[in-house]
Ligand code: CA
C-alpha cells in the first residue's frame with residue numbers, strides 16, 4: 001500500500017508532537033511545520049501531501065491565508081483546519097478560505113483521528129471509487145463528482161469538497177426549495193441558525209459554473225426568505 005503523507009502545520013510544539021505521535025501510530029507518514037509561509041513553500045514542492053492539518057493562528061502566515069493561497073494556486077489538497085475558538089465566524093472563515101473540515105481546539109484525540117480518516121476516505125472515494133459515477137449535466141456544465149471537477153466550454157474548474165457537497169445536495173432535490181439551515185447542517189456540519197453569508201457566497205460561486213448569466217440565474221434560483229431551488233434541464 002502506498003504511504004499516506006500528512007502535513008501538520010502547528011506552532012504549538014507540544015500539540016504538534018502529540019498529533020505526530022498518534023498519526024504515526026496510525027501508520028501515516030507525517031511532516032510537521034510551525035510556520036504558515038514555510039507550509040505554503042513545502043506544499044508547492046513534491047512529494048505531494050494527501051492531507052494538510054492546518055492551525056489558524058500561525059507565525060508567518062495564518063491558516064486562513066495559507067488555505068486561500070493554496071486554492072488560488074489550484075492546489076486542492078484536503079485541509080482539516082484547527083480553529084482556536086469554536087466561534088462560528090472562525091469556522092466559517094476557514095471553510096470560506098477553502099478548508100474542507102474543521103475541528104475546534106481543544107479536541108479529543110479520537111475525534112481528531114476520525115476526522116483525518118473521514119477526509120482521506122472522501123478523497124479516496126473520489127480517486128478510485130469502485131462504482132464510478134457518470135458525470136452529470138446541468139445546463140452547459142458537466143459535473144464530475146468523482147474528479148471533483150466541473151467542465152464547461154473546454155475549461156475545467158476544480159470543486160472543493162464543500163462546493164461539491166452543496167451542489168450534490170441541490171441536485172438531489174431538484175425543484176425543491178432547500179433552506180439555508182438545512183444546507184448549514186448537511187453540508188457545513190454547523191447549527192442551522194448559524195449566522196453566516198457562507199452559503200450565499202458559495203451559491204454565487206456555483207452559479208458562475210452553471211449559469212449562462214450568473215446575474216440572471218435560471219438553474220439555481222433564489223427563493224426569497226426560503227432558500228434555493230435547483231431547476232433541472
Ligand atoms: Ca497556533
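All of the numbers you see were taken from the coordinates with simple rules; none came from a lab. Not measured: the values here are computed from a predicted model. No Cβ is skipped: glycine too gets one built from the backbone with ideal geometry, and neighbour counts run over all protein chains shown.
Couple of notes before you dig in:
- The radius of gyration of the Cα set in the chain, together with its Dmax, comes out at 18.2, 54 angstrom.
- Between residue 65 and residue 35, residue separation times 0.36 nm minus the direct Cα-Cα distance comes to 9.6 nm.
- Sequence-separation-based contact order of the range 5-126, relative, with Cα cut under 8 Å and 6+ spacing, percent: 22
- Between helix 109-128 and the chain: long-axis angle, C-alpha atoms, 0 to 90°, nearest 10: 50
- A straight chain from residue 17 to residue 218 at 0.36 nm per residue would run longer than the Cα-Cα distance by 67.2 nm.
- Comparing 26, 90, 144 in a Gaussian network model of the chain, where Cα atoms under 10 Å apart are tied by springs, the biggest mean-square fluctuation is seen for 26.
- Antiparallel DSSP beta bridges within the chain, as percent of all bridges there, nearest 5: 50
- Residues residue 89 and residue 172, FRET efficiency given R0 of 30 Å [Cβ-Cβ distance, rounded to 0.05]: 0.55
- The length gained by stretching the chain between residue 73 and residue 193 to full extension, at 0.36 nm per residue less their Cα-Cα distance, is 39.9 nm.
- Rounded to the nearest whole angstrom, the semi-axes of the ellipsoid equivalent to the range 136-230, taken from the Cα gyration tensor as √(5λ), stand at 21, 15, 11, largest first.
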